[in-house]
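Undergrad: Just passing along the structure, written as structure tokens.
FYI, it's all coordinate maths here, none of it is from the lab. What you are looking at is a predicted structure, and each value in this text was computed from that prediction instead of being measured. Positions of Cβ are generated from backbone atoms using ideal geometry, with glycine treated the same way; all protein chains shown enter the neighbour counts.
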Amino acid sequence: MILTVSHVTTYHYAAPVRGAVQSLRLTPSRTDGQRTASWMLQVEGGTKGGSFRDGAGDWIESWSVRGPITELRVRVEGTVETTDMAGILRGHRENVSPSAYLRETEPTVADAALLTLARDAADGASGGLDLAHRLSTAVSDRIAYRPGATSARTTAAEALALGEGVCQDHAHALITMARAQGLPARYASGYLFADASGAAHEAAHAWAEIWVDGLGWIGFDPANRCCPDDRYIRLGSGSDARDAAPIRGVAVGAATESLNVEVAVRAQQQ
Amino acid sequence: MAVSYFNEMFEGGRVRAPYARLEDWVAAMPPEFRSMKQEEAEALFRRIGITFAVYGEGGDPDRLIPFDMFPRVFTQAEWRRLEKGIKQRARALNAFLVDVYGRGEIVKAGRIPQHLVYGNEAYEKAVAGFTPSKGVYSHIVGIDIVRTGPDDFYVLEDNCRTPSGVSYMLENREIMMRMFPTLFRENRIEPIDNYSEVLRRTLASVAPKKCDHEPTVVILTPGHFNSAYYEHSFLADLMGVELVEAVDLFVEAGFVWMRTTEGPRKVDVIYRRIDDAFLDPLCFRPDSMLGVPGLMDVYRSGGVTIASAPGAGVADDKAVYTFVPEMVRFYLGEEPILQNVPTWQCGRNEDLNYVLDHLPELVVKEVHGSGGYGMLVGPKATKEQIETFRSKLASDPAGYIAQPTLALSTTPTFVEEGVAPRHVDLRPYCLVGEQIELVPGGLTRVALTEGSLVVNSSQGGGVKDTWVLAE
């Protein structure tokens, strides 16, 4: 598919701030499954800082803005050609050992319920790939998609107890369970083309990646009961949502901030 | 259980050569003179302002670390061997860090378990694939060494992040020279006062490639409430560099800048005395107020050098420690000159069983602990303390290691009743940049309580001047 992305993030500050610094993971990954035709990333009125490819293969760009400002806008426009790789992250160069993704983080601490769910799902599994699929299905079955039920700070354990959540919660739950079963797992963030209108829910999307020996990293999207295909654009990864966040930023002299995000992913006619 | 300890001054009733002149010095010192000098030393320390606040102990935050006037002495030959061993270890530790953030050959070769490296809390995947300037991660390696015999030295632990205490090494010498000038004329002692110059040169030598001028070096401190703040400002003074806090720095256009009265000035090398977690809220802890937002992006794109490099802590973890001799063999193809203390990993079942059966004889330490806290010294412990550790070990075995109780050497120390042997250790500071250098000396810590084997300043330890005699 040829997908075009338009993504504008606007921060409004209740009082002028002295400046802001941002670290952006907002450039499509280099994999066999996606080829970037054009990509523009800009922080309005900002100065570009260092940019580099990190050990996990993500392209990081940093920006700073001198204040006083009351508004900050991050703009992304681009076109990516995608191919369905059945979820397998092929042709992606990285330096981080998969076992570095076995450590639990704050939102991915396994509680008794997550451990039990993982153990039950794993019962009778034949090999890593089958196990990963079973865990993903278990998460889909137990956490219903319901926006607004959880917040950005909700942990995997809380989401499971609630039985509701959004893609972040699904991914956190799956990551936690996979790690508990000894499979390295991480959080992937990106975009999803969900329907022809382009105004789909969760166009800014997240899913989990699980390491299976012999195959490498494989994406699993329990929120949509599938593995990422050519409707997905991958931006980067991390141990959890915060670590994989497309935007990490700090405003200096921070006032109360509010956030507005507009994302549209459209498919071009071929 | 009768244990004999190696006394560094007296051996078989005879005075060992390096201490020969000190025997007369002590003999000729009347008790009144001694206590007068001791008071003078304390006054000097107070005037300089050197204090050491200890976390969690309450009491006087401006407490002095007790200073013992009786120097500890090494011969040139003893020091040469130590120096070779320390430098060898510092090279191996740095090679290990370059490797585990790069290709991970030592793990692939099966010489160290993968989970000890990549599953380690101190392993920073954020810097995987990035090689710091000149391939150095740990620029100041503090190696804690104990002695059990004339030729027997053991490494107790490595400190690859920000080992503290070097200001004591320098001040102890300064004060001894002021109080006993004759002593320094009678003994030919290797100088250590070039430490700050070597440190400055070392830090400047690892400036990033992008730096095309005389590098600007700064020391980054968490602030005056930190227990080692005195040392931060002391070293900045001696090196003639700025002492900054995070608020004094900002990031723009791919570089780090320091606010000065003449406007922003580019910073090339940051000798940081704050932990990884607090360096940059955009990369590590988001709630950190101590850090410089965006610092890690500048670092990872080659705009600034951070010393020690973020992630260096994976080399000085107590569980990784066991494998340092293996690192020496693997990376350098040499046999280790300094020995490790035999260590039981309580995370391993067979080791744990042994440790539980021998608790009264062993020293048990937390893998991530420091400062002598959370430690069991079996032979000195009460039954209750031993039972407490037994349950701690049962609930989190992998969090502990155990070692035999070492017969730490003693050196003569001034005590209430005169002069008596007290146990000591040694922390030399090895500097790694383009060159690898070590000033002849280190910080000797002494357990002032009779019979005590715990030398940590937070546990009632004191310090001594440490001499290396010239040929």
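Undergrad: Hey, how many Å between the Cα centroid of the stretch A:136-212 and the Cα centroid of the stretch B:428-471?
TA: Rounded to whole Å, the Cα centres lie 53 Å apart.
Undergrad: With every atom except the alpha carbons ignored, what do you get for Rg and Dmax of the stretch A:6-99, in angstroms?
TA: Using the Cα atoms of the stretch A:6-99, the pair Rg, Dmax is 16.1, 47 Å.
Undergrad: Starting from 0 in steps of 5 Å, tell me what percent of the Cα-Cα pairs of the stretch B:343-404 lands in each bin.
TA: 4, 21, 37, 27, 10, 1
Undergrad: Let me know the charge dipole size of the protein assembly as shown about its Cα centre in debye, to the nearest 20, where only the beta-carbon of Lys, Arg (+1) and Asp, Glu (-1) is charged.
TA: That gives the protein assembly as shown a dipole magnitude of about 1100 debye.
Undergrad: Would you work out which of B:Pro360, B:Pro397, B:Gly347 lies farthest towards the positive end of the dipole of the stretch B:343-404? Charges go on Cβ: Lys and Arg +1, Asp and Glu -1.
TA: B:Pro360
Undergrad: Give, in nm to one decimal, the length gained when the segment between B:Arg329 and B:Ala27 is fully stretched (0.36 nm per residue of separation minus the Cα-Cα distance).
TA: Additional length available on full extension: 104.0 nm.
Undergrad: Further, regarding this structure: To make sure I understand, if each residue's beta carbon is the centre and we count other beta carbons within 10 Å, what order do A:Ile143, A:Ile233 fall in, fewest to most?
TA: A:Ile233, A:Ile143
Undergrad: A further question on this structure: When the Kirkwood radius is taken over all Cα pairs of the stretch B:403-471, what Stokes-Einstein diffusion coefficient follows at 4 °C and 1.567 mPa s, in µm²/s?
TA: The calculation lands on 96 µm²/s.
Undergrad: Would you mind checking which residues have amide H under 5 Å from A:Thr27's amide H? H placed 1.01 Å from N; only 5 or more apart, or other chain.
TA: A:Trp59
Undergrad: Once you average over the residues of A:98-104, how many Cβ atoms of partner chains fall within 10 Å of each Cβ?
TA: Going residue by residue through A:98-104 and averaging, the value is 5.
Undergrad: Grab the eigenvalues of the alpha-carbon gyration tensor for the stretch B:209-303, scale each by 5, take roots, and send me the semi-axes largest first in whole angstrom.
TA: Equivalent ellipsoid of the stretch B:209-303: 19, 18, 11 Å, largest first.
Undergrad: In whole percent, what relative contact order does chain A give with Cα contacts below 8 Å and a gap of six or more residues?
TA: Rounded, it is 29 percent for chain A.
Undergrad: Continuing with the same structure: If each Cα of the stretch B:118-273 is one equal point scatterer, what is log10 of I(q)/I(0) from the Debye formula at q = 0.15 Å⁻¹?
TA: Each listed q corresponds, in turn, to -1.01.
Undergrad: When averaged across all projection directions, what area in nm² does the alpha-carbon convex hull of the stretch A:86-238 cover?
TA: About 8.6 nm², averaged over all directions.
Undergrad: Now for a different question. Report the residues of the stretch B:162-200 in range of a label on B:Thr260: point 7 Å along Cα→C-beta, backbone N strictly under 15 Å from it.
TA: none
Undergrad: First select every other residue whose beta carbon is under 14 angstrom from the beta carbon of B:Glu384; then total the charges, Lys and Arg +1, Asp and Glu -1.
TA: +3
Undergrad: Under a plain spin-label model, where a point goes 7 Å from the Cα along Cα-to-Cβ, how far apart in nm are B:Ala253 and B:His358?
TA: Those two pseudo-labels are separated by 6.3 nm.
Undergrad: Find out how many positive minus negative residues lie around A:Ala255, taking Lys and Arg as positive, Asp and Glu as negative, among other residues whose Cβ is under 13 Å from that of A:Ala255.
TA: Once positives and negatives cancel, what remains is -1.
Undergrad: Then there is this: If neighbour count is taken as other Cβ atoms inside 10 Å, put A:Trp211, B:Trp25 in order from fewest to most.
TA: Lowest to highest Cβ neighbour count: B:Trp25, A:Trp211.
Undergrad: From a point 7 Å beyond the Cα of B:Arg103 in the direction of its Cβ, which residues of the stretch A:72-114 have a backbone N at a distance under 16 Å?
TA: Only A:94-97 fall inside the zone, counting backbone N under 16 Å.
Undergrad: Relative to the present Cα-Cα distance, how much length would full extension add between A:Asp141 and A:Thr36 at 0.36 nm per residue of separation?
TA: 34.3 nm
Undergrad: Taking the beta-carbon count within 10 Å as an exposure proxy, list A:His92, B:His423, B:His358 from fewest neighbours to most.
TA: B:His358, A:His92, B:His423
Undergrad: For peptide B:119-130, what's the mean number of Cβ atoms from other chains within 10 Å of each residue's Cβ?
TA: 5
Undergrad: Next question. Which ³J(HN,Hα) values in Hz, rounded to whole numbers, follow from the phi angles of the stretch B:169-186 under the Karplus curve 6.51 cos²θ - 1.76 cosθ + 1.60, where θ = phi - 60° and Gly and Pro get x?
TA: So the J values, rounded to whole Hz, are 4, 6, 5, 4, 5, 4, 6, 4, 5, 6, 7, 10, x, 4, 4, 7, 7, 6.
Undergrad: With N set to the number of residues, divide the alpha-carbon radius of gyration of the protein assembly as shown by 2.2 N^0.38 Å and report two decimals.
TA: 1.06
Undergrad: Something else about it: Just the C-alpha atoms of chain B: what Rg/Rh do they give, with Rh taken as the Kirkwood radius?
TA: 0.96
Undergrad: Before anything else, pin down the relative contact order of chain B: Cα pairs under 8 Å, at least 6 apart, normalised by residue count, whole percent.
TA: Averaging sequence separation for qualifying contacts and normalising by length gives 24 percent for chain B.
Undergrad: Please report the Cα spread of chain A along all three principal axes, rounded to whole Å, starting with the longest.
TA: Cα extents, longest axis first: 59, 42, 37 Å.
Undergrad: Moving to a separate point now. Please give the calculated 222 nm ellipticity per residue for the protein assembly as shown, where each DSSP H segment of at least 4 residues contributes -39500 (n - 2.57) and the sum is spread over every residue; nearest 500 deg cm²/dmol?
TA: -7500 deg cm²/dmol
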